[in-house]
Each structure stands twice: as C-alpha cells, then as structure tokens.
Amino acid sequence: MIQLKQVSKSYGSQRALAGIDLEIPQGECAVLIGPSGCGKSTLLKTINRMVAVDGGEVVVDGKRNTDYAPEVLRRQIGYCIQGVGLFPHFTVRENIAVVPRLLGWKEREIDGRIRRLLDMSGLPSSYLGKKPGQLSGGESQRVGVCRALAADPPVLLMDEPFGAVDPLTREKLQLAFNQIQEELKKTVVFVTHDVEEAILLADRVVVMNQGRIVSNKAPGKFAGLLEEGFVKSFLGNEYPLRLLKRYSAKALHLEDKPPWTNPLQGGAGECLTQETNLKEVLSEMMRRNEQALPFLLQDNRVVQVEYMDIVHHLHAVSK
Amino acid sequence: MGAPSLKARLGFALVAWALVGLPMGTFRPNRVVRGTPLGWDLVLGEYAFVLGGGLLLLMGAYAFLGVRKRFRVLGAVPWLLPLVPALLLVRLSAAVPLGMEADPAVLRVSLGAGFWVFLAGVLLVQSAGRRGGWAAGLTGCGLLVVAVLGQVPHLALYREFMNVRANFAMELRRHLVLALVSVLVAVVPGIAIGYWCYRYERAKEWLLGAVNLFQVIPTLSLLGLVMIPLTILARNVPLAAELGIKGIGFAPAFLVLTLYCLLPITANAYAGFEQVEEAVVDSAAAMGMTPRQIFRSVLFPLALPVIYSGIRTAVTQNIGNTILAGLIGGGGMGALIFLGLSQSASDLVVLGTIPVVAMALAADGLLKLGEGYWTRKVGVVDDPVETGQ
Ligand SMILES: Nc1ncnc2c1ncn2[C@@H]1O[C@H](COP(=O)(O)OP(=O)(O)OP(=O)(O)O)[C@@H](O)[C@H]1O
Ligand SMILES: [Mg+2]
C-alpha cells in the first residue's frame, strides 16, 4: 500500500506539488492524468525517493519511505522512467537483468524471467543481443517496461510507458498489462496523457492540475453529470462514450436479458459474443440501424440487448 | 573529401616554396665560422631540375587530381615519398659549395629553412592520404635510418649528437619517464576531481577554478612557486631530503607537470560525466544501484571515451612541457635544449627538439588508435551496421 500525506515539493519558486493526499490500496492501479507540468512525474518520484519531499510524508508498506535505505526501497519498486533511460552500453538482455542481478538472482532464473517478459512485450528474442541505440523509440519503451517488471516487484511506477508505441501495439500492451494486473495484483501508479489509456487500466483515475489532485475516483464515476470546470474540460465531453470501451457486454448481466424473438437471417453469425466491449456494441447498433442486438451466450441461448441497457449501465457505474 | 585535398595542396605549396625560394642548408668549414647557404640545385647536383621538377609534378598531380575516382592510382604517391627527405639529407651531408676547401673531419652542414619546409610539405601531403599517419611515420623512420647507418656524417645535427651521445639515451628516457609518469599520477585525482565537480554543484566552481589556476599560471612561474615550498620542506624535514626531494631537480619538475596535467584530465572527466544522459543516471539510481555501482557500471564506462581523450591531450601536452624540467635540473631533452641555447648552438637545440616533437606525435597517434578500441569496447553503438547485425 502506498500513502501520500500532505506531500509538497517546490523547485525554487516553482510549486510542483502542493499538498498531495493520496492512498493507493494494495493491488490497485491508480492512473495519474493531467496537463503537462502538473506534477505527475514529480509525484511518482517522491514515492521511490528520486525526489526528496519538502513537506509531508510517503508511506510504503506501512513504513515511511525515508525509513528504508534508498537502494532497498528502490529494488522493490519497478520504475519506468519518462524518457526510457536504457543503459546505452548494455545489451537489451543486460538492461533487463539489472535489478535481478542487483538482487543476486541466479543467471538461470534471470534467463527464464527475461524470456517470459520478452514474450509478453511482443519483442523477438533476437533482440536480446542488441544495444538500445539500435532500437526504435517504441521498442526501447517496451524494453524499459520489461526492465521495470524484471524482478517482479510488488510496486510499479510507470511514467508514460507506452507513449511512443504505435496504437495497435499499445492496445496489445494494455491488454497484457491488464492480464498481469489481474493475475498478480501489483500496486501500480501509472502516468499517462491519454484519457482512453486511463479508462482502460485504472482502478482509480487521479486528475491533477497545477500540483494538486483535483479529482480522484473510479473511472466509471466520471461518466455522470460533472460540474463545469477543469475535470470536465480535461476529460472531454465524450468521456461516457470512451468509457464504454472499458466494459464488455458481460457487464450487462446477459443471462438476465429476455430471449431474442426476431428471426435470425444470418444464423448464429449475426450474434455478438459477450466479450465484445460496449463501444463496439454501440457501433454495431449504428451500423445495423437497430436499437437491439442478439447475443449468443455460452449455453447457446440467444438474448436481446437494447440500446437503453447500455445507457442504464453507464448510469449505474457513475453512481 | 574536401579537407584532405586541401592538406595535400598546402603541402605541395610548401614543397614548391622550399625548392624554389629557400636555402636547403648552411655549409660551414667548422663549428664557429659563418656559413654559406646551400641551394637545392647544389644539393641535387646535375639532375637537379629533372629531380625537383619530377617531384613537384608528382605531388602536384596528387594534390590536385588525386581526389578524383579516375586518378585513383595517384593514391600511391604518399607511399612513394618516404625515402625522399632521407635521400635529400644524405645529399645535403655530402654537399660542398664550389671552390670551398674544408677539412672533412670538422666541416658541418646545418639544415636550413628549405629542408624543414620541404619536410613539412612532404609530411602534410602524406598525411592527406588514407592511413597517412603511417606513411608520415615511415618518412620519419627513413630519416632516422640514414642517420643510424652513418650516411650523414657531416650533418651538424649528427655531429652534435655524437658529442652528447653519452647522455642522449639517458635524457631521452628520463624525458619519457617524467612525462608519462606525471600523467599517470594525475589520472586518478583528475578523474576524482571531475567526478566531485559533477556530483556536487557547489564544489564545481571551486575545484574547476583551482585546477584552471594551475593552467593560467605560466609554467615557469609555477616552477618557481613550487621550488620555494619544496626547498623549505627539504631543509626542515630530513625524511623529505632523504627521499631526494629538493627545490630543484626531479621533484619540483614532476610536481609541476602533474599539476599541469590535472586540467585536461579533470575538465574532460567532468565533461564526460556531464554528457551522460540524465534519464540514464536517474534510472540507474531508480533501479536501486548505489552511488558506487552507478559510477562503476554506468557513469564511468559512458564517460570513458571523453576521459580518454583528456588523457591523450594531457600526454601530448606534457611531453612538450617536460622540456622545462631541463631548466631546473630535472633532466630530459630540455637539458640538451637549454645547453644549446646557452652556447648559441642552434643545432643542439634542434637536436633536442626533434625527439620531443616525434614523441608527441607518436604518443598522439598511438593513443588515437587506442581510442577507437575503447569506444568500441564500451560499445555505445550509434551505427547498427558496425556491429554486423
Ligand atoms: N529537476 C527540476 N528542476 C526544476 N523544476 C522542475 C524539475 N523537475 C520538474 N520541475 C518542474 O516541476 C513541474 C512539474 O514537473 P513534472 O515533471 O512533475 O510534470 P509532469 O506532470 O510530469 O509533466 P509531463 O506530462 O510533461 O511529463 C514543472 O513545472 C517542471 O517545470
Ligand atoms: Mg512527466
């Protein structure tokens, strides 16, 4: 668990953090989002003590982070620095192996670990011998993510880790991230500029502006009526539409829906599956000019989902 | 390819100038008499025009046409030249002006402006080509070989060498030892100071300022400044005197040279650490490396190429500076040079200077070779083609 209490930090006269209170429970992913220069990176760095706070305190695992030796603290916190910062004179393999080696893992363990990480990131294993200078920006970022995950740390700090990756790969990485998160339940603080990324990954979205937290809620909670102001303008008017991507049709409790009564012209192929996300469901309705769509369940029942089901779902999560 | 051809043209111009307008040497019946200038026609004998003209033609062709693909054969020209200055030297040694009588046992030929300009021109042309350093080195070896083989007995330089030969090798060795050891001693403190400057913003101004100060004080005054405390030390601490520490001689020379090497090494070390990307150092710290681990496995290897070139600068500069050790009895080639100056024996001065220049060039060349090796070994790859992947 990570807890920030009244944390503040100034660079000269520049106030980077102005009294931050934030609690991230064990196993949750908090996504920091906000305009450039609002203090996201600085907040992240106060956690692993790359930045010393002027006031307040940071508690990691029940102990103030200043009570750990900095090296000990940092070795159990995976950190993807903004700007990647791979070691240019190390190969990809050596880069990923840094923390495991510092922790004294055996080379065989490290090998196995690296292979799995590389698999997950979608890089071919021929890349292991390359130097960072030979990688593209997106590839470097992926290696940076692998390096942060290498020693399987319980806490992860990720500063725009997918910023330079192409949209397709990014989506794959986000899915991979969600899978890992579901399995391993790390405590994650994730910085992004991308509202959609925040929606997909966050257990809670922390909106920052000018060194303060202006809002801190589960992503669904921003879908309802918001006061006019910074949060609304930053998240954008189409936020509810974007939020749909977070949920799959499963979230609508399909088994309670009424059976589909109209004839199916295209057979079962016309039905959607329960893995389809709600944004796609809505798009499909528009494509077919329908207000209701058939869904095929696992027990081969075909049920009917209506447009209003989606609207009600959004309303429910925003409560 | 603009720069090499410019070098070659400049070299060609120098050679032409030397052949047309400058005396190759001075002929003197003995050490004290005033001399007669020796022109190149006299030196080359009856074929002077053919030989000189041919040489100019060849070098001119190389300098002006050599860069073109079509005339690639001309690339061989720098490799044809190494023996030319050596042969010129042999001819010079044997030249006697018309109507002059002289005792072969005492007559001497000093090298004139023409010879030096000619040599400079040849070296310049050679260094313009591919692997030009080696061709130029070969030329130097050629000169050395004819001297060693005794083919230039009348050359004033040769005669001076024979006079001091008992000391020559010893002074040469002393010079090298003094120059190299004082650099070696400065390496670790230099890097350490550079690192402190990098780590501690406040210390930076003080430290760099202090190191700079040594560089700003003229070497000679620094010698004087060091002599005083060392003399006092030797007077009052018997142990120091026993260790051979005195106000003059080896100790102050060594100290001053070491202080002098500090700046290039420190400045380069600082610049080297400073150019390592901040994100890299930060991520090393964030991975949980200790400051020592960061230094050893990130900062130092990444700064090494720059540090190395600082050491290279220090070595070359120091080989020259070591001449001053001769002034205070520290030995080295300076001993010969200052002896020559005091006797107004310019040939002895030249004799002392040549090895210094040669050593500086050779050291620079050798260290440059090493530079490539280190950069590759540290392995910051910018060009994927280089690694063959
Ligand atoms: N080392 C530093 N020295 C001085 N000022 C700094 C330093 N680091 C950050 N700042 C300032 O602190 C403020 C917050 O910076 P921070 O890097 O946390 O922003 P950010 O939210 O991460 O921005 P971005 O989205 O562009 O990465 C900025 O105004 C920045 O100029
Ligand atoms: Mg940032």
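For A:LEU32, list long-range residues whose amide hydrogen, built 1.01 Å from N in the peptide plane, is under 5 Å from its own amide hydrogen.
HN-HN under 5 Å from A:LEU32: A:PHE190, A:VAL191, A:THR192, A:VAL206.
Please give the charge dipole size of chain A, origin at the Cα centre, charges +1 on K and R Cβ atoms and -1 on D and E Cβ atoms. Round to the nearest 20 debye. Let's see the in-between values first.
Working: 40 positive and 38 negative charges, 205 e Å.
Charge dipole, chain A, about its Cα centre: 980 debye, nearest 20.
What does the structure give for A:74-84 when I average, per residue, the other chain Cβ atoms found within 10 Å of the residue Cβ?
Working: counts 5, 4, 1, 3, 2, 6, 2, 9, 2, 6, 4.
Mean shielding by partner chains, rounded to a whole number: 4.
Please give me, ordered by residue number, the GluC sites (Glu not before Pro) of segment A:201-283 that lie in loop per DSSP and have at most 13 other Cβ atoms within 10 Å. Provide the component values of the computation, followed by the final result.
Numbers: sites: A:GLU227, A:GLU228, A:GLU238, A:GLU255, A:GLU270, A:GLU275, A:GLU280; in loops: A:GLU227, A:GLU228, A:GLU238, A:GLU275.
For GluC sites (Glu not before Pro) across segment A:201-283 that sit outside H, G, I, E and B with at most 13 neighbouring Cβ atoms in 10 Å, the list reads A:GLU227, A:GLU228, A:GLU238, A:GLU275.
Can you list residues whose amide H is under 5 Å from A:CYS80's amide H, if they're 5+ apart or on another chain and H is modeled 1.01 Å from N?
The list, which skips near neighbours in sequence, is A:LEU157, A:MET158, A:ASP159.
Could you work out the Kirkwood radius for chain A, taking every pair of different alpha carbons, averaging 1/r and inverting it, reported in Å? Kindly include the intermediate steps, with their values, before the conclusion.
Values: mean 1/r = 0.0464 Å⁻¹.
21.6 Å is the Kirkwood radius here.
About its Cα centre, how strong a charge dipole does segment A:247-317 have in debye, to the nearest 20, once Lys and Arg get +1 and Asp and Glu get -1 at the Cβ? Walk me through the intermediate numbers first.
Values: 6 positive and 10 negative charges, 21 e Å.
Here segment A:247-317 has a charge dipole of around 100 debye.
For a protection proxy built on the mean count of beta-carbon atoms within 10 angstrom, sort A:310-319, B:304-313, B:330-339 highest first, please. If you can, show how the numbers build up before the last one.
Details: A:310-319: 15.2, B:304-313: 20.8, B:330-339: 23.6.
Those peptides, ordered most packed to least, come out B:330-339, B:304-313, A:310-319.
What residues qualify as long-range amide H neighbours of A:VAL305, i.e. H under 5 Å apart, gap of 5 or more or another chain, H built at 1.01 Å from N?
A:LEU293, A:PHE295
What average count of beta carbons from other chains do you get within 10 Å of the Cβ of residues in B:287-298?
5
Can you give the helix-only mean residue ellipticity at 222 nm for the protein assembly as shown, where every DSSP H stretch with n ≥ 4 adds -39500 (n - 2.57) and the sum goes over all residues, rounded to the nearest 500 deg cm²/dmol? List each step's numbers first, then the result.
Working: 29 runs with 389 residues, N = 708.
After summing the helix terms and dividing by the residues of the protein assembly as shown, the value is -17500 deg cm²/dmol.
In whole Hz, with x marking every Gly and Pro, tabulate ³J(HN,Hα) for segment A:98-111 from phi via Karplus 6.51 cos²θ - 1.76 cosθ + 1.60, θ = phi - 60°.
Ordered by residue, 3J(HN,Hα) equals 4, 5, x, 5, 4, 8, x, 5, 7, 4, 5, 4, 4, 4 Hz.
Quick one: Karplus J couplings for segment B:364-372, per residue in order, coefficients 6.51, -1.76, 1.60, θ = phi - 60°, nearest Hz, x for Gly and Pro?
Rounded to whole hertz, the list is 4, x, 4, 5, 5, 4, x, 4, x.
If I model a spin label as a point 7 Å beyond the Cα along the Cα-Cβ vector, how far apart are those points for A:ASP119 and B:LEU6 in nm?
Taking the simple label geometry, A:ASP119 and B:LEU6 are separated by 5.9 nm.
Let me know the shape class of segment A:147-282, please: from the alpha-carbon gyration tensor, a ≥ b ≥ c as square roots of the eigenvalues, rounded when a/c is under 1.5, otherwise prolate if a/b is greater than b/c, or oblate. Could you put the intermediate results ahead of the total?
Details: a/c = 2.30, a/b = 1.46, b/c = 1.58.
Verdict is oblate for segment A:147-282.
Rounded to the nearest 10 degrees, what's the angle between the helix A:307-318 long axis and the longest principal axis of chain A, both from Cα atoms, 0 to 90?
On a 0 to 90 degree scale, this one is about 30.
Under the definition of partner shielding as Cβ atoms of other protein chains within 10 Å of a residue Cβ, what is the mean value for peptide A:86-92? Kindly include the intermediate steps, with their values, before the conclusion.
Values: counts 4, 12, 11, 11, 4, 2, 0.
Taking all residues of A:86-92 together, the mean is 6.
What net charge do the residues around A:LEU73 carry, taking every other residue with its C-beta under 13 Å from that of A:LEU73, with Lys and Arg at +1 and Asp and Glu at -1?
Numbers: positive: A:LYS45, A:ARG49, A:LYS63, A:ARG64, A:ARG74, A:ARG75; negative: A:ASP61, A:ASP67, A:GLU71.
Taking every other residue near A:LEU73 into account, the sum is +3.
In debye to the nearest 20, how big a dipole does the protein assembly as shown give about its Cα centre with +1 on each Lys and Arg Cβ and -1 on each Asp and Glu Cβ? Let's see the in-between values first.
On the way: 68 positive and 57 negative charges, 410 e Å.
Around 1960 debye, computed over the protein assembly as shown.
Once you sort the root eigenvalues of the Cα gyration tensor of chain B as a ≥ b ≥ c, which label holds: rounded (a/c under 1.5), prolate (a/b larger than b/c) or oblate (the other case)? Please list the in-between numbers first.
Numbers: a/c = 3.15, a/b = 1.38, b/c = 2.28.
Because a/c hits 1.5 or more and a/b fails to exceed b/c, chain B counts as oblate.
Please list, in order along segment B:180-194, the HN-Hα scalar couplings obtained from phi with the Karplus expression 6.51 cos²θ - 1.76 cosθ + 1.60 (θ = phi - 60°), rounded to whole Hz, x for Gly and Pro.
Each residue of segment B:180-194 in turn: 6, 5, 5, 5, 4, 5, 7, 4, 5, x, x, 5, 5, 5, x Hz.
When each pair of different Cα atoms in segment B:1-44 is counted once in the 1/r mean, what is the Kirkwood radius in angstroms, to one decimal? Mind showing how you got there, number by number?
Values: mean 1/r = 0.0803 Å⁻¹.
It is 12.4 Å.
Of A:ILE20, A:LEU117, A:ALA97, which is farthest on the positive side of the dipole of segment A:1-124, counting Cα position, with +1 on Lys and Arg Cβ, -1 on Asp and Glu Cβ, and the Cα centre as origin?
Value: A:ALA97.
Based on the mean of other Cβ atoms within 10 Å per residue, sort peptides B:357-367, A:143-153, A:207-217 so the most packed one is first.
Values: B:357-367: 16.0, A:143-153: 23.5, A:207-217: 18.6.
By packing density, highest mean first, the sequence is A:143-153, A:207-217, B:357-367.
Show me the three semi-axes of the equivalent ellipsoid for segment A:241-311, from the C-alpha gyration tensor (sqrt of 5 times each eigenvalue), largest first, rounded to whole Å.
Numbers: eigenvalues 65, 38, 22 Å².
Each semi-axis is √(5λ); the values are 18, 14, 11 Å.
Viscosity 1.306 mPa s, temperature 10 °C: what is the translational diffusion coefficient of the protein assembly as shown from Stokes-Einstein with a Kirkwood Rh over Cα pairs, rounded to a whole number of µm²/s?
Working: Rh = 32.5 Å.
Calculated translational D: 49 µm²/s.
Using +1 at the Cβ of each Lys and Arg and -1 at the Cβ of each Asp and Glu in chain B, identify which of B:SER221, B:VAL109, B:ALA314 lies farthest towards the dipole's positive end.
B:VAL109
Dipole of the protein assembly as shown (Lys/Arg Cβ +1, Asp/Glu Cβ -1, origin at the Cα centre): which of A:VAL7, B:ALA240, B:LEU339 lies farthest to the positive side?
So the residue furthest toward the plus end is B:LEU339.
Quick note: the coordinates plus some simple rules give every number you see, no bench work behind them. Just so we're clear, the structure is a prediction, and the values are computed from it rather than from any experiment. When we count neighbours, we look across all protein chains shown, and the Cβ atoms used for this are built from the backbone with ideal geometry, even at glycine.
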